[in-house]
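Read through the structure below, which is laid out as structure tokens, and then see the notes.
Just so you know, all these numbers are worked out from the coordinates, no wet-lab data involved. Keep in mind the model is a prediction, meaning the values are calculated, not measured. When we count neighbours, we look across all protein chains shown, and the Cβ atoms used for this are built from the backbone with ideal geometry, even at glycine.
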């Protein structure tokens, strides 16, 4: 289904449960399914239940999300707030500014990011006259939404900003380090728009392809939106038959719908959905660790004779005497026995290792329990943290 198809399915489920009453609800929709191929240790439980090195007992991503969004319902008209389960949005709006989710159509959060980040996220082309780019919180109108654009497209469409002012491709100094774009994170849609999407879903019957809630919903919005993206398959993991037709129908349905943007200049967007991002933010990167007070040892047992590093992260685990955990490594839901050495920048999840072994650096090792014919069995995955598990080849030699 994709996160767009699952959004439509949730709308149908809400109507099945509550009838027309659901249109008076404020709904938080957190996408937490998927294969989690880029962070397989989160695939069994779902990323929304991913453990964080924080709290006693530990917090999960769901609890952090609820804490971050706790003030939204008081300033939110009935509608749907859509977010992913592997990102963290931190922001400061000042003492008097309040985020309000009360406009018709879509309302999306925008964060300043460098151009490299923009190539892997959604990017807003904002109306230059609608905001200053210098406030903690501003409401702006969006001309167009770009999904994972290249740098050239960002410049040509006027998405690139410099020194607080957006410029089109023929203005400004492209070599300046102060260049940035506004990237996406979470978005809200009012119930009128949600009902339109639900009617579309009912008319479709059975979806024949994956729909992206960001790429396929938001790219149809704004006065400068064009249908060109409907045939662009560069950011599609699997080219399903019928995807172009579904995209074109969504474009016709949503064209002309408002895309309002909440510009959060004093904000940070953190994505932890890959092995390398997970290691970076939990161990090597100090900013997120400082902002959330992430701990090197969270709800774990650690004897004095076990060796760890301030740059490692141990989450709800037991480390036995004489084990060694290298810097930059994360241990979660595991028991590490004596004479076990874990190298640098590795992930060990859900495992009990009670024999002498050296786990190499840059290694991912995760175990899950499965039941086969009423018998409890265990499956362990081992690969490099830099391996691309989404890559497919025709021959093993490739």
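Brief remarks on what is shown
- The mean sequence separation of alpha-carbon pairs under 8 Å and at least six residues apart, normalised by the residue count of the chain, gives a relative contact order of 17 percent.
- Between residue 290 and residue 240, the simple label model (points 7 Å from Cα in the Cβ direction) yields a spacing of 4.4 nm.
- Distance cut-off 20 Å, percentage of C-alpha pairs in the range 295-384 lying past it: 28 percent
- Residue order, fewest to most surrounding Cβ atoms within 10 angstrom, among 24, 341, 334, 329: 24, 341, 334, 329
- Between helix 243-254 and the chain: long-axis angle, C-alpha atoms, 0 to 90°, nearest 10: 50 degrees
- The candidate values are (i) 73, 46, 33; (ii) 64, 53, 50; (iii) 70, 68, 36; the one derived from this structure for Cα extents along the principal axes in Å carries the label (ii).
- Separation of the range 61-118 and the range 193-251, taken as the distance between their Cα centroids, equals 23 angstrom.
- Prolate/oblate/rounded label for the range 4-48 (Cα gyration tensor, a/c 1.5): prolate
- Angle between the chain longest axis and helix 191-204 axis [Cα atoms, degrees, rounded to 10]: 80 degrees
- DSSP bridge analysis restricted to the chain gives an antiparallel fraction near 55%, rounded to the nearest 5.
- Helix 2-18 vs. the chain, principal-axis angle (Cα, 0 to 90°, nearest 10): 80 degrees
- Only beta bridges with both residues in the range 295-384 are counted; by DSSP, about 30 percent of them are antiparallel.
- Whether the range 332-398 is rounded, prolate or oblate, judged on the alpha carbon gyration tensor where a/c under 1.5 counts as rounded: oblate
- Förster-model FRET efficiency, 35 Å R0, residue 248 and residue 128, C-beta, rounded to 0.05: 0.70
- Relative contact order of the range 1-118, defined on C-alpha pairs under 8 angstrom at six or more residues apart (%): 25 percent
- Theoretical gain in end-to-end length, residue 141 to residue 354 [0.36 nm per residue, Cα-Cα removed]: 70.9 nm
- Protection-proxy order for peptides 12-22, 43-53, each taking the mean of Cβ atoms within 10 Å per residue, highest first: 43-53, 12-22
- Of 188, 270, 214, the one that fluctuates the most in a GNM where the chain has Cα springs shorter than 10 Å: 270
- Gaussian network model of the chain, Cα within-10 Å springs - most flexible of 142, 84, 208: 208
- For the range 295-384: relative contact order, % (alpha-carbon pairs under 8 angstrom, 6 or more apart): 18 percent
- Label-point separation in nm, residue 92 to residue 21, each point 7 Å along Cα→Cβ: 4.4 nm
- One chain, two ends: residue 369 and residue 268. Fully extended at 0.36 nm per residue, the span grows by 32.7 nm beyond their Cα-Cα distance.
- For the chain, calculated [θ]222 nm from helices alone, where every DSSP H run of n ≥ 4 adds -39500 (n - 2.57): -5500 deg cm²/dmol
- Mean-square fluctuations from a GNM of the chain, with a 10 angstrom spring cutoff on Cα atoms, peak among 219, 268, 375 at 375.
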